[in-house]
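J.: Attaching a single structure in structure tokens format; questions to follow.
The values are calculated or read from the model by the stated rules, or taken from the named source; none is laboratory data. Remember, it's a predicted structure, so these values are computed and weren't measured experimentally. No Cβ is skipped: glycine too gets one built from the backbone with ideal geometry, and neighbour counts run over all protein chains shown.
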Amino acid sequence: MKLEKNELRVGVFIIMPVVILLLFVVLKLGYSFASSTIDVYLKIDSITSIKEGTLVKIKGYTLGRVIDIKPVYKPALHFLAVLRIRRDIDLYEDCSAVIQNQNIIGDPVIDIRNPEKKGELLRAGSVIEGIEYVNLEAILQDVHALLATLQGTVGVIRDISLDSRSNLRTLLANLSGSMATVNDLLVNSQKDILEILTSFRQTAKTMNEISEELKKHPVKFLFK
Amino acid sequence: MYIVRRRIRPVCRAGSGKTMKNRRAQKATEKTAMLKIESVLRTPVKKIIAFGEGMRNFYRFVESIAVSFRSIKYLRFRSIYSIVVNQTRFTGVDALPIIVSIALLLGATTIIQATKNFPKFGIEGFIGNLLVIIIARELGPLATAMIVVSRSGSAIAAEIATQKQNREILSLELMGIDTKLYIVFPRILASILAIFSLIIIFDITAFFGGYLISLSTVYIPAGVFVQTMLDAFSFSDLAITILKSVLYGILIPLICCYYGFMPQSDFQIPIFVSRAVVRTLVILFVINAFISALFYF
């Protein structure tokens with residue numbers, strides 16, 4: 001049976017959407033035509049240490065490696081590292097990827113960490129946010145500088161405390177002497193204070209009498 | 001008769017003078033007002049009656065097709081095969097350029113609006129979902145149906161009307177061929193196939209156009225975009241799309257054939273063709289709203 005041109009065109013026109021529809025149903029049911037690996041993307045700000053071939057691990061077990069790094073210019077410049085990882089290990093959508101060194105002089109490695117709460121499984125094409133790049137050497141240098149500064153600060157405090165110890169002791173001794181002198185002064189002048197007070201009282205009495213006399217005979221007082 | 005009697009009566013009873021004139025003028029005004037009210041009320045009533053008659057006639061037409069289906073066992077598929085193929089080619093394959101271009105533009109404009117406005121709400125990651133919701137669920141089937149109605153619906157109505165005026169349909173009937181089965185049924189079959197395929201192609205093209213436009217503002221890997229759309233597009237959406245394509249595929253040729261059989265003279269052909277297109281479009285919008293309300297509300 002020979003098909004005409006019209007029939008062929010109509011046949012293709014009908015079969016093509018049906019195939020697309022079947023493909024959609026198959027994919028929707030969870031089947032995959034892919035191999036034992038999936039490609040996921042790692043979003044990173046800079047590619048200082050990551051390069052093609054960088055290992056991807058989970059708890060030390062190698063999952064796969066970086067196969068490509070693409071720059072993305074919009075909305076701001078960042079990079080997408082394509083990670084080809086094994087499908088048989090369950091990774092979840094909210095997992096994180098920490099870029100770190102294996103040891104002090106080791107190559108960088110992408111350490112995948114699953115979230116505590118398990119959600120949906122990570123699918124091909126998902127994007128993982130890369131947690132900031134950790135440079136162990138830089139951290140060691142920073143820690144060293146911090147320790148040196150701390151040591152200096154402790155020395156200065158110690159010197160200050162040693163120098164002021166004798167001064168403090170003298171100050172305390174003088175203070176106690178002053179207190180004793182004040183005490184002696186108070187004890188010795190107790191009688192004199194009483195006499196002064198008695199004298200004050202008599203003076204006040206006399207002044208009172210004068211004022212009364214002045215009230216009674218003001219002119220006489222003038223001529224007295 | 002009633003109006004005439006009322007007009008004569010005051011003349012016989014009342015005498016001459018101003019009171020008489022005033023009364024006449026008042027009654028004339030009342031009469032005019034009544035006539036106006038009657039005419040105002042008559043128009044919608046007439047329209048309702050006409051609508052009812054139209055629905056009844058359409059029902060009879062559908063019933064006659066259903067009756068014709070009893071004799072489908074006598075129909076050889078070979079006899080309608082060429083009609084189905086030609087009609088599918090005309091409705092589907094020939095409409096592809098316009099469908100593809102409209103889908104690309106529609107997908108692109110939807111995404112342009114989304115990429116401009118979504119960041120304001122912090123939901124720029126839902127571009128794929130928006131495409132599925134707007135294009136796949138609503139605009140895809142509706143735009144496809146509109147294009148099919150304007151291209152093929154009018155053509156079907158005009159073709160049948162011309163065949164009727166040329167007595168080709170009469171000659172078929174004289175030969176003992178069931179015209180409803182021979183003319184309407186293949187067109188329904190072809191329309192279902194064509195609209196179903198066109199909707200799928202429209203959706204895919206609109207997604208592609210949307211994706212291309214979205215690349216200009218924000219980079220989304222193709223895999224992620226496809227995956228987002230796969231996640232957003234559910235089986236119920238698929239079922240509704242198929243339901244819509246089948247419903248539109250039945251209704252468009254049915255209504256257009258109905259109006260194609262209506263003209264009684266050559267001059268009525270354009271009137272009924274235009275009526276077929278307009279009324280089919282109205283019915284499509286009503287059905288689309290009904291289905292959306294039924295499944296998504």
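J.: Report, by residue number, each residue of region B:54-77 that is within 14 Å of B:L189 (Cα to Cα) and either at pLDDT 85 or above or surrounded by fewer than 13 Cβ atoms within 10 Å (Cβ to Cβ) (or both).
T.: Result: B:I65, B:I72, B:F77.
Each row is one residue, and each column tells you yes or no for (1) out of contact with any Cys (no Cβ under 8 Å at 6 or more places or on another chain); (2) within 24 Å of B:I242 (Cα to Cα).
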| site | (1), (2) |
| --- | --- |
| B:F118 | yes, no |
| B:E138 | yes, yes |
| B:I156 | no, yes |
| B:S191 | yes, yes |
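J.: Restricting attention to region B:90-97, does a residue exist that is of a type outside the set (S, T, N, Q), modelled with pLDDT under 90 and exposed (fewer than 10 other Cβ atoms within 10 Å of the Cβ)?
T.: Taking region B:90-97 and keeping what is of a type outside the set (S, T, N, Q), we get B:90, B:92-97.
Filter again for modelled with pLDDT under 90, leaving none.
No, region B:90-97 contains no residue that is of a type outside the set (S, T, N, Q), modelled with pLDDT under 90 and exposed (fewer than 10 other Cβ atoms within 10 Å of the Cβ).
J.: So, B:D237, is that one farther than 30 Å from A:Y73 by Cβ and of a type in the set (D, E, K, R) or not? Give the derivation first.
T.: Numbers: farther than 30 Å from A:Y73 by Cβ: yes; of a type in the set (D, E, K, R): yes.
Here the answer is yes, as B:D237 does meet what is asked.
J.: Since A:K57 meets every condition but one in (1) away from every other protein chain (no Cβ under 14 Å); (2) in a loop (DSSP other than H, G, I, E, B); (3) under 18 Å from A:L122 (Cβ atoms), which condition does it not meet?
T.: (2)
J.: Name the one entry in B:I242, B:I156 that is at the interface with chain A (Cβ under 9 Å from one of its Cβ atoms), at pLDDT 90 or above and within 27 Å of the chain's Cα centre (by Cα).
T.: Values: B:I156 fails: at the interface with chain A (Cβ under 9 Å from one of its Cβ atoms).
B:I242 is the lone residue from the list that is at the interface with chain A (Cβ under 9 Å from one of its Cβ atoms), at pLDDT 90 or above and within 27 Å of the chain's Cα centre (by Cα).
J.: Another one. Does region B:169-176 contain any residue that is surrounded by fewer than 24 Cβ atoms within 10 Å (Cβ to Cβ), within 14 Å of chain A (Cβ to nearest Cβ) and in contact with a helix residue (DSSP H, G or I) (Cβ under 9 Å, 6 or more places away or on another chain)? Quick ask: steps written out before the conclusion?
T.: The first filter runs over region B:169-176 and keeps only residues surrounded by fewer than 24 Cβ atoms within 10 Å (Cβ to Cβ), leaving B:169-176.
Subset that is within 14 Å of chain A (Cβ to nearest Cβ): none.
Looking through region B:169-176, none of the residues is surrounded by fewer than 24 Cβ atoms within 10 Å (Cβ to Cβ), within 14 Å of chain A (Cβ to nearest Cβ) and in contact with a helix residue (DSSP H, G or I) (Cβ under 9 Å, 6 or more places away or on another chain).
J.: So is B:Y258 touching a residue at least 40 places away in the same chain (Cβ under 8 Å) and not aliphatic (A, V, I, L, M) or not?
T.: On the way: touching a residue at least 40 places away in the same chain (Cβ under 8 Å): yes; not aliphatic (A, V, I, L, M): yes.
So B:Y258 passes the test.
J.: With B:L189, B:L198 as the choices, which residue is within 14 Å of another protein chain (Cβ to nearest Cβ), in contact (Cβ under 8 Å) with a residue 12 or more places away in the chain, closer than 21 Å to B:V149 by Cα and surrounded by 24 or more Cβ atoms within 10 Å (Cβ to Cβ)?
T.: Details: B:L189 fails: surrounded by 24 or more Cβ atoms within 10 Å (Cβ to Cβ).
So the residue among B:L189, B:L198 that is within 14 Å of another protein chain (Cβ to nearest Cβ), in contact (Cβ under 8 Å) with a residue 12 or more places away in the chain, closer than 21 Å to B:V149 by Cα and surrounded by 24 or more Cβ atoms within 10 Å (Cβ to Cβ) is B:L198.
J.: Related question: So in region A:29-65, with the set limited to residues that are under 21 Å from B:Q227 (Cα atoms) and touching a Lys or Arg at 6+ places or on another chain (Cβ under 7 Å), which one is modelled with the lowest pLDDT?
T.: Pass one, region A:29-65, residues under 21 Å from B:Q227 (Cα atoms): A:29-43.
Of the ones still in play, those that are also touching a Lys or Arg at 6+ places or on another chain (Cβ under 7 Å) are A:36-39.
On the way: A:S36: 71, A:T37: 78, A:I38: 81, A:D39: 83.
Of everything passing the filter in region A:29-65, A:S36 is modelled with the lowest pLDDT.
J.: I've got another one for you. So, restricting to helices (runs of 4 or more DSSP H) that lie completely within region B:43-150, which ones have at least 3 residues that are within 14 Å of another protein chain (Cβ to nearest Cβ)? Break it down into steps so the answer makes sense when it comes.
T.: Numbers: elements: B:77-88, B:96-121, B:127-131, B:140-148.
It comes to B:77-88, B:96-121, B:140-148.
J.: If you don't mind, another one. Within region B:257-297, take every residue that is modelled with pLDDT under 90 and surrounded by 13 or more Cβ atoms within 10 Å (Cβ to Cβ) and give me the one that is nearest to the chain's Cα centre (by Cα).
T.: B:S292
J.: Residues to consider are A:I112, A:I157, A:I128; find the one that is away from chain B (no Cβ under 14 Å), outside any helix (DSSP H, G or I) and of a type in the set (V, I, T). If you could, list the steps in order and put the result at the bottom.
T.: Details: A:I157 fails: outside any helix (DSSP H, G or I); A:I128 fails: away from chain B (no Cβ under 14 Å).
Only one candidate qualifies: A:I112.
J.: Continuing with this model, one more query. Residues in region B:206-231 that are surrounded by fewer than 22 Cβ atoms within 10 Å (Cβ to Cβ) and either of a type in the set (K, R) or away from chain A (no Cβ under 11 Å) (or both): how many?
T.: The total comes to 4.
J.: Now, a different point. Does B:M146 satisfy being in the same structural domain as B:Y259 (by TED's automatic domain parsing) and more than 27 Å from B:V277 (Cβ to Cβ)?
T.: Working: in the same structural domain as B:Y259 (by TED's automatic domain parsing): yes; more than 27 Å from B:V277 (Cβ to Cβ): no.
Considered against the rule, which asks whether it is in the same structural domain as B:Y259 (by TED's automatic domain parsing) and more than 27 Å from B:V277 (Cβ to Cβ), B:M146 comes out as no.
J.: Test A:L194 against the stated conditions and say whether it is in contact (Cβ under 8 Å) with a residue 24 or more places away in the chain and surrounded by 10 or more Cβ atoms within 10 Å (Cβ to Cβ).
T.: Values: in contact (Cβ under 8 Å) with a residue 24 or more places away in the chain: no; surrounded by 10 or more Cβ atoms within 10 Å (Cβ to Cβ): yes.
For A:L194, the condition - in contact (Cβ under 8 Å) with a residue 24 or more places away in the chain and surrounded by 10 or more Cβ atoms within 10 Å (Cβ to Cβ) - is not met.
J.: Moving to a separate point now. Would you check if there is a residue in region A:14-35 being touching a residue at least 40 places away in the same chain (Cβ under 8 Å), touching an Asp or Glu at 6+ places or on another chain (Cβ under 9 Å) and within 13 Å of chain B (Cβ to nearest Cβ)?
T.: There is no residue in region A:14-35 that is touching a residue at least 40 places away in the same chain (Cβ under 8 Å), touching an Asp or Glu at 6+ places or on another chain (Cβ under 9 Å) and within 13 Å of chain B (Cβ to nearest Cβ).
J.: Which is farther than 19 Å from B:A232 by Cβ and among the β-branched types (V, I, T), of B:T115, B:T91, B:T110? Let's see the steps before the verdict.
T.: Working: B:T115 fails: farther than 19 Å from B:A232 by Cβ; B:T110 fails: farther than 19 Å from B:A232 by Cβ.
Matching residue, one of B:T115, B:T91, B:T110: B:T91.
Yes/no matrix, rows are residues, columns are (1) under 27 Å from A:I14 (Cα atoms); (2) in contact (Cβ under 8 Å) with a residue 60 or more places away in the chain; (3) acidic (D, E):
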residue	(1), (2), (3)
B:R89	yes, no, no
B:P97	yes, no, no
B:L104	yes, yes, no
B:T110	no, yes, no
B:I135	yes, yes, no
B:G140	yes, yes, no
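J.: If only one of A:D45, A:D94 is closer than 19 Å to A:G119 by Cβ and assigned by TED's automatic domain parsing to the domain that holds A:R113, which one is it? If you could, list the steps in order and put the result at the bottom.
T.: Values: A:D45 fails: closer than 19 Å to A:G119 by Cβ.
Criteria check complete, one pass: A:D94.
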